[in-house]
Amino acid sequence: MKKWIGIGLILMMALTGCSRQAETPEPEPQKAANLEEMKTMATAYVQDLLQANYEAAYTEYAHDEAMQKAVNANVYKQIMEDLYKQVGQPVAVLHTAEWEAQGYQIVQVAVAFDNQNFGVNVVFNDAGEIAGLNYSEVVIIQEEKPESEHEAVTEVISVGSYELEGELMLPWNIESASPVAVVILVHGSGATDKDETIGPNKPFLDLAKGLAAKGIATIRYDKRAFSHSEAFVDDYDFTVWEESIEDALAAVELANGDERLNNSQIYILGHSLGGYLIPKMMTHTNEVAGWIFMAASNEPIQEMVIDQYTYLAGRDDEVTADEQTAIDQMAAIAQQLKAPETLDPKQPILGAYPAYWIDLNAYRPLEEVIQHTVPKLFLQGERDYQVLVDQFETWKETIGAANAEFALFDGLNHLMMPGEGAPNPDEYMFPNHVDDRVIDTIADFIDRLW
């Protein structure tokens, strides 16, 4: 479902009220003081919208300043009519779910429509005012796992020459259990923090907690582009070495120097781009006992971006003229990147200078990976639209099932989190957790190599 009226599109403020006679003061619109009141207010507000009480939805609930300017009764009418074209007429309000994202509290009111169940999401600011309205698939909020009887031991660490802020997470009984195996977590593309945070989700933190509970330590750290982006603005020679590989190798050295960690049981887990780069990392170290490829690509980045653009544009079975233009523009960029050495070395393209693409053009992950016999584990979500299952199968065909372990998980997306229906980027904005099956598979792989 492509319609998404995001926080950034429909952000609004508290209503000042229509002009009234002086002797009849306008009642103050409702604000919510806590989460329970937000849930009650969101349900009433959505019911007014569903019952076409658009004026009441606008005047009886406090909107923040931006929201007040962006909507009115007529805008609400148009929003709901657009929604009904997609999902049919409303039948019943079902339930609510809630989560936090980007500093806002979101309450989803799940509604049964003629064609499907769908969620109307009400965004609240800290003052309890409505700060946004959007709609999406019904989110499935996983129940929080009960706190373990024992908490993991965490220590702040500094990784690499840029002294990247990180965290070493150790099993609770480290003093009696050491030395223990350690997994170094290497990010995907983009400027991400040590938890690989996206929306309310923190897949690397999930992995760290889950592995600590199984007696395995982890090292995670902020990506260099996250904490020192200014250092690379005019670095025309920047490549994946500076982006990912150098700091991953520095983390290996850090692990080697900690007596609580078993230096013969150091593992690297690369997610997405991090997994794509593992064969390149392999040539620089023999101190890694096993490599874990999680949602790892093996195709050129620019080709994958075209596939993603095409998939997202076609989700509603209709590719608009604007969407086709975006796909064509991406295809033109991909064509340029086939010969990046001919481009202006100081002109960025697809977010990086040509040196970055020249380096990757010479990289052949499928050819390089078979040169290394170190144990390997490949993890793939069946619902991943960013790195397709086809790439997982290509790894398997290239390496051979006898020479590595391969685990395909039904229902999981690119973050290795569960979901339903057609995969889409909106689901990353709903709170979720890495599936236990993934953590169990990693732990079993390490236990077998111990």
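Quick notes on this structure:
- Cα-based shape type of the range 20-140, given that a ≥ b ≥ c are square roots of the gyration tensor eigenvalues and the cut on a/c is 1.5: oblate
- Full extension of the chain between GLN308 and HIS284 yields a length gain of 5.5 nm, computed as 0.36 nm times the residue separation minus the alpha carbon distance.
- For the chain, the per residue solvent-accessible surface stands at 46 Å², with DNA, RNA and ligands left out and a 1.4 Å probe.
- Based on every Cα atom in the range 213-331, Rg and the maximum pairwise Cα distance Dmax equal 18.7, 60 Å.
- Cα shape, the range 307-386, gyration tensor, a/c 1.5 rule: oblate
- Counting protein heavy atoms only, the chain has 48 percent of its accessible area on carbon and sulfur, 1.4 angstrom probe.
- Gyration tensor verdict on the range 63-124 (Cα atoms; rounded if a/c is under 1.5, prolate if a/b is larger than b/c, oblate otherwise): oblate
- Among 303-309, 220-226, sorting by the average number of other beta carbon atoms lying within 10 angstrom of each residue, highest first, gives 220-226, 303-309.
- The range 38-104 and the range 390-416 have Cα centres lying 42 Å from one another.
- Taking packing as the residue-averaged number of other Cβ atoms within 10 angstrom, the listed peptides 263-272, 84-93 run from highest to lowest as 263-272, 84-93.
- Listed peptides 41-53, 154-166, 399-411 appear in the order 41-53, 154-166, 399-411 once ranked by packing, highest mean of other Cβ atoms within 10 Å at the front.
- Intensity falloff of the range 106-214 expressed as log10 I(q)/I(0), Debye formula with alpha-carbon point scatterers, at q = 0.10, 0.13, 0.17 Å⁻¹: -0.50, -0.75, -0.97
- J(HN,Hα) series, the range 369-382, from Karplus relation 6.51 cos²θ - 1.76 cosθ + 1.60, nearest Hz, glycine and proline x: 5, 7, 7, 10, 9, 4, x, 9, 10, 10, 10, 9, x, 5
- Relative contact order (percent, whole number), the chain, Cα cutoff 8 Å, 6+ residue spacing: 13
- Overall Cα dimensions of the chain - principal axes, largest extent first, Å: 81, 58, 41
- Less than 5 angstrom separates the built amide H of ASP384 from none of the residues sequence-distant by 5 or more or on a different chain.
The values are calculated or read from the model by the stated rules, or taken from the named source; none is laboratory data. Since this is a predicted model, take the numbers as computed values, not measurements. Note that we place each Cβ from the backbone using ideal geometry, even for glycine, and neighbour counts take in every protein chain shown. Surface areas here come from the heavy atoms of the whole protein model, side chains and all, with no ligands, DNA or RNA. Shrake-Rupley method; radii C 1.70, N 1.55, O 1.52, S 1.80 Å.
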